[in-house]
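Below is one structure, written out as structure tokens; comments come after it.
Throughout, read-outs are computed from the coordinates displayed, never taken from laboratory work. All of these numbers come straight from a predicted model, not from anything done at the bench. FYI the Cβ positions are ideal-geometry reconstructions off the backbone, even for glycines, and counts take in every protein chain you see.
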Amino acid sequence: MSIAEFVFWAIIAVAVVYTVVVFNHLVTIKHNVKKAWSNIDVLLKQRHEELPKLVETCRQYMQFEQQTLEKVMQARTSVSQAQAQGDIGALGMAETEMRLGLGNLFAVAEAYPELKANESFQHLQQRISGLENAIADRREFYNESVNINNIQIEQFPDVIIAGLFRFKAFELLEFNEAETADVDIRTLFQG
């Protein structure tokens, strides 16, 4: 074997090893994104199961706030549909509506001392608030995983291997600006 042949085969071996290493790294990143999404999915399902209990508890006290309760349940349905379809964009919009609805519900509950004192309401409010915080944490982890994946599959030379094996970019889970806006409590008690 000549030196030229040896160099040729060495280059081929390095290219194959590099391709395998990059491929395995991309697979790991892709599965981390899916794992992060699964974590969010579990929390969304738990919250989905808790919301009807909260609404029913509130309904017993909040005779004149049916619109607020209905908005929460409509948002719950929208989240569930977007989740079932795997539509990240729609889920982000539905989550924004859900969070606004819950914020409004908890703000309106302030006007009902008997409801606020109800043990079931307190438990459900704490449970849902805890789930909301966990969802926010998991959303951050999911978005970080998506960002790592999307950057990796666009960097050279990984982009060649990613394209060859059809690795794809994932969509960030983003909520709109309405979620970060303060709730105007005065408007909740008008009308």
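Here each label is just a point 7 Å from Cα along the line to Cβ, and for Ser2 and Gln46 those points are 6.7 nm apart. Expressed as a whole percent, how much of the Cα-Cα distance distribution for segment 1-44 exceeds 11 Å? Looking at segment 1-44, the distances longer than 11 Å represent 70 percent of pairs. Convert 10 °C to kelvin, take the viscosity as 1.306 mPa s, use the Kirkwood radius over C-alpha pairs of segment 65-125 as Rh, and evaluate the Stokes-Einstein diffusion coefficient in µm²/s, rounded to a whole number. Rounded, D is 128 µm²/s. If you bin every alpha carbon distance in the chain into 10 Å steps from zero, what whole percent lands in each bin? Answer for the chain: a P(r) of 8, 28, 24, 15, 10, 7, 4, 2, 1, 0 percent. Subtracting the Cα-Cα distance of Val21 and Leu172 from 0.36 nm times their residue separation leaves 51.8 nm of extension gain.
Within straight-line reach of Lys168, meaning a Cα separation under 19 Å, sit the following lysines at least 8 residues removed in sequence or on another chain: Lys30, Lys34, Lys35.
Calculate, for Gln66 and Ile160, the FRET efficiency according to 1/(1 + (r/R0)^6) with r their C-beta to C-beta distance and R0 45 Å; round to the nearest 0.05. All intermediate terms of the calculation are to be shown ahead of the outcome.
Numbers: r = 58 Å, r/R0 = 1.29.
Working from the Cβ atoms, E equals 0.20.
Between His123 and Ala13, what is 0.36 nm times their sequence separation minus the Cα-Cα distance? Round to one decimal in nm. This chain segment gains 33.5 nm when fully extended.
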